[in-house]
Amino acid sequence: MSASENWETHKRVLCEVQEKQKVLHDLATSHDGDEPCTGARLQCAKAKFANLKLEYIELLIKKKLMNYLENVPQEEWSSAGVTSEDFKETRRDLKKTKAEMQTTEEEIQEMIAKANTAQEEFESKLKLLQSKLESIEQKRNKLSQLQTERSSGLSHDQLLQQRSALQKAESMLSSYQTAVAQHKQEISKLAEAKEAMQALLEDARPNLEKMKMERAAEMSREQCMATWCTNTLQKLSHLSGIKEHSLHGNNLTLELTSPTDTPVNGLLTLKFKDGEPPASQWRLNDAEINIESLDIADLINEAVRMNDVVFLVTQVKSRLYSHAPLRHEIETLRNRYALDWLSDEGVITVILGDKGQVVCSLSVDAGYPGMGSIKLTSVEGLHEQIALESFQPEIESPTITDWLDYLHNKVTSG
């Protein structure tokens, strides 16, 4: 090949390199791409959202129809069963549609996030392409320098090396041109997808805001209902006189409150154990109350035998109510006299006299103070023997307080 032909070949290659570099530089400012299936997925999501929107409008029409029927005179109502079922079905469809719209929104947000990720990847590829273009530019400058030095004479080997370098550069440009074309198509698809998603979001935004407002209103109603239920439960516990005190392991403690003028609170502890197969249910094993003067052993035995917690709580509460006046009276008298109350035997033992030498015992009937009476059973420590029949308060149906005050005055004056 002659020198003139070599020069023309080098000149032609340099012109092509410059033109292809300009094309790559213009494409380097383009946007990111997305997966090939983004357009199809977006169309599916858009169609799904349109169907959800139609269903939502249908449900709103049903809801307004229900509100209208509420204002229709009672004689023109449909049967209660049909109206209630339609209302329940409408509410279920409304909740289902809300859930599907929320799912569609999440899918759109996921597609946008995926598009942003693809855009970042493409920008990284563009930076790499720019660096390679800079490398090609350096090689072009080097080629120009070699052409300048050509006048001084180039060897055959040098020309072969230059030709090989030019062929490699052309091969690299061809591969880069293919990659740029693919990225350009992806950028176009991504731009269309982003515009469609933005339009879809703008279309869905009013409905989403309305759903959020309805959800907030529903949560507010539920909170009000929960508050009302809590207050009602507290009032019912106060009226029934039973409320939960604590729960430890298999032991449940209930607080029983007496509503009388002299209130007495008791803690009833219910003890449970695992049942026997095949039922394997919890069974009442034992119980106890923190009031020593209140005997409930017979109630516990019967309740354990029947495994009936309701029976035990009801009977203990009833006995506590009847026992409250007696216990209050005994606790009051303990501040004035040295006495001992034997609840199992129904006996009160009191120490009287100036030196505490007289011991008196009183028997209290089970029905006291409503139906039972008080009876003096023994007097010990007197200087002279006195018949028990001579000890009798002048008050009709004397109480324990009347008896102790009478005996105190009798022993002290004697």
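Quick notes on this structure:
- The accessible surface of the stretch 324-414, taken with every protein chain in place and a 1.4 Å probe, is 48 percent carbon and sulfur.
- Cα convex hull volume per residue for the stretch 95-222 (Å³): 121
- Compared with the alpha-carbon gap, the fully stretched path from SER318 to HIS245 is longer by 24.4 nm at 0.36 nm per residue.
- Among the GluC sites (Glu not before Pro) within the stretch 361-403, those in coil by DSSP and having at most 14 neighbouring Cβ atoms inside 10 Å are GLU384, GLU394, GLU396.
- Point-to-point label distance, ALA47-ASN116, nm (Cα→Cβ direction, 7 Å offset): 2.9
- Filtered trypsin sites (Lys or Arg not before Pro), the stretch 294-384: DSSP coil and at most 12 other beta carbons within 10 Å: ARG336, LYS355
- Gained length - GLU394 relative to LEU146, 0.36 nm times residue gap less alpha-carbon distance: 75.0 nm
- Pairs spanning more than 20 Å between alpha-carbon atoms, out of LYS127/LYS194; LYS142/LYS184; LYS53/LYS212: LYS127/LYS194; LYS142/LYS184.
- Separation in nanometres of the label points that stand 7 Å from Cα toward Cβ, at ARG215 and GLU100: 1.8
The values are calculated or read from the model by the stated rules, or taken from the named source; none is laboratory data. As the structure is a computational prediction, the values presented were derived from the model and not from experiment. Here the Cβ is made from the backbone with ideal geometry for all residues, glycine too, and neighbour counts use every protein chain on show. When the accessible area is computed, the model is the full protein with side chains, heavy atoms only, and any ligands, DNA or RNA have been set aside. Shrake-Rupley method; radii C 1.70, N 1.55, O 1.52, S 1.80 Å.
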